[in-house]
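As structure tokens, the structure follows; a few thoughts come after it.
The values are calculated or read from the model by the stated rules, or taken from the named source; none is laboratory data. These numbers were taken from a predicted model, which means no experiment stands behind them. Cβ atoms come from the backbone with ideal geometry, glycine included; neighbour counts cover every protein chain shown. For the accessible areas, the whole protein counts, side chains as well, though only heavy atoms, and no ligand, DNA or RNA atoms are used. Shrake-Rupley method; radii C 1.70, N 1.55, O 1.52, S 1.80 Å.
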Amino acid sequence: MPNTKAKDNSNRDQDRYNNLIQEEVNRMPDYVRDYQIETNHSVLTEYQYLTEFRRFFDWLRSAGISDAPDNKHISTDTLSKLRSKDISFYIDYLQHVPNKQGKNNSPATINRSLNALRSLFHYLTVVAEDENGDPYFDRNVMLKVQSLKSGQTLNARARILETKMYRGEKKHELISFIENDYINVCSPQSKPGFYQNKERDIALIATLLGTAARRSEVANMDVKDIHMDEGLVDLLRKGGAWDTVPIAPWTLPYIKRYLDIREQRYHATKQDKALFLTRYQGKTKRITADSINNVVKKYSTAFGRPTTAHKLRHTTASEIFENEKDQVLVSQQLGQSGTSATDLYTHVDQKKQRDAMNKLK
């Protein structure tokens, strides 16, 4: 497994988020800059947390809790004096302010906001050190704040999730559709791009389904990270840790077919180490995580079962659990440190639950 390769700075996703992160940090107090340097998150999580801090600081000033002229000058003294009632008012604000789609924020969205604040307040009250080696303040108001209930049981969430997944033969039907039928439904303007990227796109979807990897992890894969003979793939996980996981054997022929045309089709040189490439403005580049999601959405929508790259990850996780009934095994394949996030997959297939009810007389 590689142990010296850093994150690929040529990755457009990485560059874009790093630039956005820098823009956010430049408008934040110094203690947020310290937080950003000293905490270990993926660039996407880092950016999302910073946008949540910005929204919270904006609210503190608009609500009159802070009289700072801008977010950069909001002091830790203001944060140390916040009461749980203040956070309740902020939650109420989040519940009623429309999002970009013009709808109210869901409990899950609000909980992500609260998790970001918990992370910041934990840093300020436990991890950070001032000039005397002490935390900025002791009172962590976020310890008193409970997450909102989602309003859905695991069964309800599983039922919604099941309609977005491609379990069993459905995944092979999707790939067959791309191979044989998509050309009949795409527009004339789209056909050249389809012919250019057909093998790559099929290999991308097969890799997502065959590894349960995140789209960012697939985007970061290099050619040398996939070991065809061993059926293994090296993945750079969230937070920068390396992992090696098995890849489903049925996916390998699709990846090999793409590798056979990769160099010629994308004008790849020895410097183009990325596994999945794209041609953009006459240049060969690593595909981005956003582009991977667009590929999945495009074909799955045309197929009549719209989904996302993340739902394909759910698909594989649920199939592993269905076959093995082992949450630890699922966690290992997903690259998670525990099994708490795998509970949903145990509910996706409700056949056993229905069978139990059918036995009641």
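Restricting attention to the range 290-329, which residues are surrounded by fewer than 22 Cβ atoms within 10 Å (Cβ to Cβ) and either of a type in the set (Gly, Ala, Ser) or in contact with a strand residue (DSSP E or B) (Cβ under 8 Å, 6 or more places away or on another chain) (or both)? Within the range 290-329, Ser291, Ala302, Gly304 meet the criteria.
For the range 215-244, filtering for residues that are within 17 Å of Asp201 (Cα to Cα) and open to solvent by 60 Å² or more (accessible area, probe 1.4 Å) leaves 1. When you scan the range 66-73, do you find a residue that is open to solvent by 30 Å² or more (accessible area, probe 1.4 Å) and assigned to a helix (DSSP H, G or I), even just one? Scanning the range 66-73, I find at least one residue that is open to solvent by 30 Å² or more (accessible area, probe 1.4 Å) and assigned to a helix (DSSP H, G or I), so the answer is yes. Condition (residue is assigned to a loop (DSSP other than H, G, I, E, B), closer than 30 Å to Asn40 by Cβ and open to solvent by 20 Å² or more (accessible area, probe 1.4 Å)) applied to the range 245-268: is it met by at least one residue? So far as the range 245-268 goes, no, none of its residues is assigned to a loop (DSSP other than H, G, I, E, B), closer than 30 Å to Asn40 by Cβ and open to solvent by 20 Å² or more (accessible area, probe 1.4 Å). Taking the conditions (1) within 30 Å of Ala219 (Cα to Cα); (2) open to solvent by 70 Å² or more (accessible area, probe 1.4 Å); (3) in a loop (DSSP other than H, G, I, E, B) in turn, Arg33 satisfies each one other than (3). Checked against (1) open to solvent by less than 60 Å² (accessible area, probe 1.4 Å); (2) at pLDDT 95 or above; (3) out of contact with any Gly (no Cβ under 8 Å at 6 or more places or on another chain), Gln336 passes all but a single condition, namely (2).
Yes or no: Phe177 farther than 21 Å from Thr288 by Cα, surrounded by 16 or more Cβ atoms within 10 Å (Cβ to Cβ) and in contact with a Phe, Trp or Tyr (Cβ under 8 Å, 6 or more places away or on another chain)? When the stated conditions are applied, Phe177 passes them. Restricting attention to the range 214-241, the residues being more than 17 Å from Leu277 (Cβ to Cβ), within 17 Å of the chain's Cα centre (by Cα) and of a type in the set (A, V, I, L, M, F, W, C) number 3. Per the listing Asp326, Asp355, the residue uniquely modelled with pLDDT under 80 and of a type in the set (Asp, Glu) is Asp355. Cβ separations smaller than 6 Å between residues 6+ apart or across chains give the following pairs from the range 54-65 residues that are under 9 Å from Tyr90 (Cβ atoms) to residues that are open to solvent by less than 60 Å² (accessible area, probe 1.4 Å) and not acidic (Asp, Glu): Trp59/Tyr90; Leu60/Ser66. Within the range 98-115, residues that are part of a loop (DSSP other than H, G, I, E, B) reach partners that are surrounded by fewer than 14 Cβ atoms within 10 Å (Cβ to Cβ) and not aliphatic (A, V, I, L, M) with beta carbons closer than 7 Å, at six or more positions or on different chains, in the pairs Asn105/Asn99.
For the residues Ala116, Ala108, Ala128, the requirement of being modelled with pLDDT under 90, open to solvent by less than 80 Å² (accessible area, probe 1.4 Å) and either within 20 Å of Glu38 (Cα to Cα) or among the β-branched types (Val, Ile, Thr) (or both) singles out Ala128.
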